[in-house]
Amino acid sequence: MTRSSALLKLHAAALLFGSTALFGHAMSASPTMIVLGRTAFAVLALGLFACYSRRAPWHGLAPREIGKLLAAGVVLALHWVTFFMAVRSGGVALATLGFASFPVFVALLELAMLGERLRRKDVAVLLLVLAGLVLITPAFDVRNAATAGLLWGILSGAVYACIAVFNRYWSSSASGTQSCWWQCLAAACVLAPFGWREALALDGRAWLLLACLGAVCTGLAYTMLIHALEQVKAQTVAIVICMEPVYAIALAWLVFGAAPGPLVLLGGALVVGAVLLSTSQPKKLV
């Protein structure tokens with residue numbers, strides 16, 4: 001695979017990740033049911049990919065490593081449920097931009113748990129994100145549905161920051177496919193008791209959307225991301241994936257006609273700019 005094709009796959013993965021918010025907007029199912037269906041179909045898709053690549057999801061993993069991945073999967077379930085609650089309440093733009101604040105929580109977690117100091121860049125990211133969130137807040141009233149959606153998105157970002165810190169410092173030797181498979185399996189299992197009754201009442205259209213969300217926007221997207229990592233630097237991957245809110249808002253504009261207002265565009269530009277700044281690294285002097 002050439003670097004050009006790897007970059008194409010990487011942007012396609014970011015586009016698929018961004019499109020997940022549209023499913024939450026289009027479906028009438030509850031956020032719990034959406035995540036349950038997403039993770040169940042992702043487990044099936046990633047399991048088939050693992051069989052094709054002849055490496056079982058449990059191959060080479062110790063029970064302790066599997067336990068870590070399962071624990072992360074429970075947190076992942078909470079992240080996705082809160083994210084789709086954000087979409088349901090506040091719409092695609094506010095949900096994805098609220099979630100995009102997660103680098104701030106990563107920096108705060110590292111400060112609190114790992115004793116790392118805030119750098120000047122971290123402070124700049126924090127201020128940019130706060131300014132952007134203030135601009136896109138519809139009303140400073142939690143009773144406002146759109147504001148509640150933004151808050152759910154921020155909570156989703158905070159939960160995702162826990163997963164990001166885990167993956168950075170306490171991850172196991174599992175491959176990307178293995179990690180995603182075990183985490184999706186844990187999320188599906190923990191949500192099954194709360195969603196199985198609703199699953200029995202879903203129609204064919206809902207199951208088709210869930211299959212697409214799980215197999216394509218999750219399983220296929222993660223597979224393309226893993227393949228892209230073979231040719232593209234991790235920093236480039238992080239920068240492209242940070243464009244997920246841009247793709248999500250553009251798709252919602254195209255599909256649903258949900259055009260963002262000028263304040264949302266300005267605030268979103270600050271948030272996305274902060275995220276891109278958080279992924280940048282200083283050039284080494286030679």
> Once label points are set 7 Å from the Cα along Cα→Cβ at both residue 70 and residue 52, what is their separation, rounded to one decimal in nm?
Replying inline: 2.8
>> Between residue 230 and residue 28, what is 0.36 nm times their sequence separation minus the Cα-Cα distance? Round to one decimal in nm.
In response: 68.9 nm
>> With just the Cα atoms defining each centre, how far is the range 253-270 from the range 13-32? Give it in Å.
In response: 17
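Can you tell me the length gained on complete extension of the stretch residue 266 to residue 134, counting 0.36 nm per residue apart and subtracting the Cα distance?
Numbers: separation 132, 0.36 × 132 = 47.52 nm, distance 1.07 nm.
Between residue 266 and residue 134, full extension yields 46.5 nm more.
Please get the size of the charge dipole for the chain, origin at its Cα centre, with Cβ charges of +1 on Lys and Arg and -1 on Asp and Glu, quoted in debye to the nearest 20. Please list the in-between numbers first.
Working: 19 positive and 9 negative charges, 130 e Å.
Roughly 620 debye for the chain.
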> What list do you get for 38, 88, 119, 143 if you sort them by fewest beta carbons within 10 Å?
Replying inline: 143, 119, 88, 38
>> Restricting to Cα pairs below 8 Å that are 6+ residues apart, what does the relative contact order work out to for the range 3-278? Please round to a whole percent.
In response: 42
> In what sequence, highest mean first, do 239-251, 151-163 appear when ranked by Cβ atoms within 10 angstrom?
Replying inline: 151-163, 239-251
> Across the chain, how many lysine pairs, 8 or more apart or on two chains, come within less than 25 Å at their alpha-carbon atoms?
Replying inline: 6
> So what is log10(I(q)/I(0)) for the range 36-91 at q = 0.26 1/Å, when the Debye sum runs over its Cα atoms only?
Replying inline: -1.08
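A short reminder: the numbers here are calculations on the coordinates, not readings from a lab. Quantities reported herein were computed from a predicted structural model and do not represent experimental measurements. Neighbour counts run over all protein chains shown; Cβ positions are idealised from the backbone, glycine included.
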